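Notes follow the structure.
The values are calculated or read from the model by the stated rules, or taken from the named source; none is laboratory data. The structure presented is a predicted model; accordingly, all values stated were derived computationally and were not measured. Cβ placement follows ideal geometry from the backbone for every residue including glycine, while neighbour counts extend to all protein chains displayed. For the accessible areas, the whole protein counts, side chains as well, though only heavy atoms, and no ligand, DNA or RNA atoms are used. Shrake-Rupley method; radii C 1.70, N 1.55, O 1.52, S 1.80 Å.
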Amino acid sequence: MKKIDLMPTHENIIETIKNDTTGRNNYIYNFVKMLNTQSDSWSIAIDGKWGTGKTFFVKQCKLVIDYLNDEQIDDSEKEEILKTVDREKRECLSEIKYKTAYFDAWKNDSELDPIVVLSESIASVNYNMSSIIEKKAKEAGKKLIKIAIKEIAKIDIKDILELFDKKEDPEEKFKETLSSLIADNERLVIFVDELDRCRPSYAVELLERVQHFFDNEKITFVFSVNLFELRNTIKKFYGANFDGDRYLDRFFDVIIPIPDPDLKYYYQKLDSSPTETNSKLNKFCLNVAKEFNFSLRELNHFLSRTHTAVNNVIFSKNFNQNLWPTDRNCEVLLSTCVIPYLIALKMSDSKSFNSLINGKDGENFITFLGQNREFNRMISAPDSSEAKKAAEKIYEGIFIQNSNDEVISISKKLYIEQPNNWRNFIFEIISLVSKYSNYQDSY
């Protein structure tokens, strides 16, 4: 049983660019093009809520920049990636030589001063090609770390590094050494990820360190952040009445909302079972995901839970809507349309989920089903008004449970016998540990 989630590994980054899995390739190239226009020191925020694929996006950008600029990279996939950039764009994106560094702030969140680990990431970049210059760059990198440790963070580590002249200003010395790492025809792009997940004190200190020590005309910082959460982090540090927006405005020259992924295209890439019934389920699930504005991560979790819950119900029979007995039609209808909606609602709003299943508020459920094309087709409703009436009957018969009716007519071809019993069927399936649960990989 594999997770649907795509981890941002090197292999997955390559595959998602080659296949344009999220439909964001054009945004990647446009972002790199924007970097080519920059001079002076820049700080950019890629803003998006958790689970929207920010890490994937910045790692995709980094990979494209590296492949465009580093001739020493010998990777069998390099040419395949560069083929996704047409020649005109490739020439435009190669006007300036770039070096990149990736820094996971959350992974490095510790008691150690952030300037030390950030300096280490920068010093580890392969800056130059010739052996003589490379040797000088390595020496400058060691010097950079030395200044960060001994003179800025003031960490007393015996016998690791030599002390510099105490009369020099540590900040100026650090900036001078940092600048020496970057050739005149180069720029350094530093991608900082997961800052919004760090401890408030660490996040604030890292931002302050970047502002004071890394304001170099040849450096661009790209922060992938959830600005809403980062504002909350800042307020936890400075107090609830602190103006987090104006504070962050000091650090970010540009804020770019991460482009929405093409969920339909992404879903098609995941779908490996295009049978008639699975197609109905997948189309409905995609509509549900859009209704709840799911992020990529939430979509993956939603798909995993839904397919685990209903696949055995659906695929245990050869689905033919016109030939099946009514009770089996009902099973498929509930598994294909009603249960996915309930799983999504439970993920996004447990309070609304409880109100729905307890018969207190089914308005959004009824409206969604009434307007949904897949539901309309499954019940053979002539129009949306009839589909909405059918949705009302399903909701009242299964969740309100104040009717003594043994049979509820949903449409000319479909009716529900003993509707109160279907409530238990739905709850059992949603539990994901029912006799119907399917733990085999669906994708």
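What does the charge count near ASN287 come to, summing +1 for each Lys or Arg and -1 for each Asp or Glu among other residues with Cβ under 13 Å from its Cβ? List each step's numbers first, then the result.
On the way: positive: LYS264, LYS280, LYS283, LYS290, ARG373, ARG377; negative: GLU291, GLU374.
Net local charge, ASN287 excluded: +4.
Which FRET efficiency value, to the nearest 0.05, is calculated for LYS49 and MET347 with the Förster distance at 22 angstrom and r the Cβ-Cβ distance?
Plugging the Cβ-Cβ distance into 1/(1 + (r/R0)^6) gives 0.95.
Got a number for the accessible area of LYS33? Probe 1.4 Å, square angstrom, nearest 10.
110
Would you kindly find the accessible area of LYS97, with a 1.4 Å probe and non-protein molecules such as ligands, DNA and RNA excluded, rounding to the nearest 10 Å²?
Its accessible surface works out to 70 Å², give or take rounding.
Sticking with the crude label model, points 7 Å out along Cα→Cβ, report the distance from ILE96 to THR9 in nm, one decimal please.
In this crude spin-label approximation the distance works out to 3.4 nm.
Read phi for every residue in region 17-32 and hand back ³J(HN,Hα) as whole Hz from Karplus 6.51 cos²θ - 1.76 cosθ + 1.60, θ = phi - 60°, with x for Gly and Pro.
Karplus-based 3J(HN,Hα) across region 17-32 equals 7, 4, 9, 6, 4, 9, x, 10, 4, 4, 5, 4, 5, 5, 5, 5 Hz.
Output the pairs from LYS346/LYS412; LYS62/LYS175; LYS283/LYS412; LYS59/LYS99; LYS18/LYS62; LYS360/LYS388 with a Cα-Cα distance over 22 Å in this structure; if there are none, say none.
Numbers: LYS346/LYS412 31 Å; LYS62/LYS175 24 Å; LYS283/LYS412 24 Å; LYS59/LYS99 14 Å; LYS18/LYS62 15 Å; LYS360/LYS388 18 Å.
Those over the limit are LYS346/LYS412; LYS62/LYS175; LYS283/LYS412.
Once a ≥ b ≥ c are taken as the square roots of the eigenvalues of the Cα gyration tensor of region 343-430, is the result rounded (a/c under 1.5), prolate (a/b larger than b/c) or oblate (a/b not larger than b/c)?
Working: a/c = 1.81, a/b = 1.19, b/c = 1.52.
Oblate.
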